[in-house]
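Heads up: the structure comes next, in structure tokens.
The values are calculated or read from the model by the stated rules, or taken from the named source; none is laboratory data. As the structure is a computational prediction, the values presented were derived from the model and not from experiment. All Cβ positions, even for glycine, are placed from backbone atoms using ideal geometry, and neighbour counts span all protein chains on display.
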């Protein structure tokens, strides 16, 4: 099996690869999020789309920017439910649906 080449500057969602971070186990990369945070991400998670941001940059809606967990709490919805709804509908629809 050939080793996947991931050059610095590659984009995966909101993440830009800075360099490979050598450690034991799965291949990991140091990435910079579009919000400015740096995060270490596994290669397979970037490639599959499982990880596409740092996780703390939040979602902007109605002029406010909060994390998914904060939006779910504010509207009394489970975080997993909100995450599932966002796969098929907009933030507005996901929050208003009862």
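Residues of the stretch 55-64 include none that is without any contact (Cβ under 8 Å) to a residue 40 or more places away in the chain and more than 21 Å from residue 91 (Cβ to Cβ). Can you find a residue in the stretch 56-68 that is surrounded by 14 or more Cβ atoms within 10 Å (Cβ to Cβ), touching a helix residue (DSSP H, G or I) at 6+ places or on another chain (Cβ under 6 Å) and over 19 Å from residue 35 (Cβ atoms)? No, every residue in the stretch 56-68 fails to be surrounded by 14 or more Cβ atoms within 10 Å (Cβ to Cβ), touching a helix residue (DSSP H, G or I) at 6+ places or on another chain (Cβ under 6 Å) and over 19 Å from residue 35 (Cβ atoms). Looking across the stretch 1-18, the residues that are in a loop (DSSP other than H, G, I, E, B) and surrounded by 10 or more Cβ atoms within 10 Å (Cβ to Cβ) come down to 6, 8, 10, 13, 14.
In the stretch 41-87, the residue that is farthest from residue 29 (Cα to Cα) out of those that are more than 17 Å from the chain's Cα centre (by Cα) and part of a loop (DSSP other than H, G, I, E, B) is 76. Quick check on the stretch 37-44. Is at least one of its residues surrounded by 12 or more Cβ atoms within 10 Å (Cβ to Cβ) and at pLDDT below 85? The answer is no; no qualifying residue exists.
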